[in-house]
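The values are calculated or read from the model by the stated rules, or taken from the named source; none is laboratory data. These numbers come from a predicted model, not from an experiment. The area values use the complete protein model at the heavy-atom level, side chains included, leaving out ligands, DNA and RNA. Shrake-Rupley method; radii C 1.70, N 1.55, O 1.52, S 1.80 Å.
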Amino acid sequence: ELENVAQSKKGKMRSAECEKSMYAVFFKQQQPIVKSLHPRASFGEISRLIAAAWEKVDNEQKKQFKLAAAAAKREEMRRRIALRTIQLCGGSN
């Protein structure tokens, strides 16, 4: 029973991480647009506007942000692996 609870929490955590990274992709895409429309808005105001827009995004569109987030995560992992490889091999001397 305890194992099921741990798995449930892990699943919820992964789901929350996925939602967070999907939103991060959306936020990064929307921030310059919202800034240009509201040049005097504070970061907090911009964040609230973007959050309100995120609530209106349908599930089909969110799937596209999920794919973009997964691609960004893979690219970041490749970058980290390459950097670590360089560090382990003594740099690029």
Ser21 accessible area, assembled protein chains, probe 1.4 Å, Å²
50 Å²
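Using a/c under 1.5 as the rounded threshold, could you call region 30-93 rounded, prolate or oblate? The axes a ≥ b ≥ c are square roots of the C-alpha gyration tensor eigenvalues, and prolate needs a/b larger than b/c, oblate otherwise. If you can, show how the numbers build up before the last one.
Numbers: a/c = 4.69, a/b = 1.94, b/c = 2.41.
The shape class here is oblate.
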